[in-house]
Structure formats: C-alpha cells, structure tokens
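The values are calculated or read from the model by the stated rules, or taken from the named source; none is laboratory data. On a predicted model such as this, the values are computed, not experimentally measured, just so you know. Here the Cβ is made from the backbone with ideal geometry for all residues, glycine too, and neighbour counts use every protein chain on show. Just the protein is used for accessible areas: all its heavy atoms, side chains included, with ligands, DNA and RNA removed. Shrake-Rupley method; radii C 1.70, N 1.55, O 1.52, S 1.80 Å.
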Amino acid sequence: MYRLVPGVISGESLAEESFAGALLEYPQYTRPADYDSLRVPEVLTSGHHANIARWRLRESLKKTLAYRPELLAAEGLTGELRKLIREILTEGGDDEPHPENPGALR
C-alpha cells in the first residue's frame with residue numbers, strides 16, 4: 001500500500017473517494033485509452049504505482065485549487081503538499097479557475 005497523504009492517497013478505495021480527505025477527486029479514465037481526440041495520460045498506463053499516486057495527488061490538488069481553494073487553507077498541510085501547491089501555482093497555463101489569493105497558500 002502506498003500512502004503519501006493519510007486519507008488522500010492509499011491502496012484502500014474508500015480513502016480515495018471524493019468524500020474522504022480534504023481534496024477533490026482526481027480525474028477518472030476508462031477504456032479505450034484513446035477515444036475520439038481524448039487520451040489517457042501515459043503515467044496511468046505505465047504501471048508505476050508511485051508515479052500514478054503522485055499524478056493523482058497533483059490532479060486532486062489542481063482541481064481543489066481551481067474549485068475549492070478554501071479547503072487547502074487549513075493548517076496542518078505537510079511540507080510536501082505545500083511544495084506541490086507552489087509548483088502547480090507557478091505552472092499555470094490551464095483553463096480552470098484559479099484561487100483569488102494564491103499567495104495565502106504559500
């Protein structure tokens with residue numbers, strides 16, 4: 001079982017549900033891997049469980065930052081989570097909404 005953040009990433013399916021933890025759920029994909037012009041991210045088909053868990057965490061953070069940034073304003077975020085949040089905020093370049101005050105998360 002890989003556990004990067006308790007209640008957010010684990011091998012237990014309940015811990016990965018959207019109602020568990022403080023993050024919104026990461027995107028879900030199904031077969032076929034290519035459909036119309038959409039493609040499943042390569043990391044998800046790689047079989048590397050640690051990379052998949054990290055991708056899921058980053059996607060959950062991106063979605064939470066875009067739609068519910070107040071969930072991330074809570075105290076107790078680990079240094080790793082804060083580092084990933086800073087990386088995501090500096091990347092930019094997506095079409096999703098951004099928090100009004102991203103500096104509050106740094």
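What residue, among those in segment 13-27 that are assigned to a loop (DSSP other than H, G, I, E, B) and at pLDDT below 90, is farthest from Leu57 (Cα to Cα)?
In this case the residue turns out to be Phe19.
For segment 32-60, how many residues meet the condition of being part of a loop (DSSP other than H, G, I, E, B) and either of a type in the set (Gly, Ala, Ser) or open to solvent by less than 70 Å² (accessible area, probe 1.4 Å) (or both)?
6
Can you work out which of the residues in segment 73-106 that are modelled with pLDDT under 80 and part of a helix (DSSP H, G or I) is most open to solvent (accessible area, probe 1.4 Å)?
Across segment 73-106, the extreme among qualifying residues is Ala104.
In segment 63-72, how many are open to solvent by 40 Å² or more (accessible area, probe 1.4 Å), assigned to a helix (DSSP H, G or I) and within 10 Å of Leu23 (Cβ to Cβ)?
Final tally of qualifying residues: 2.
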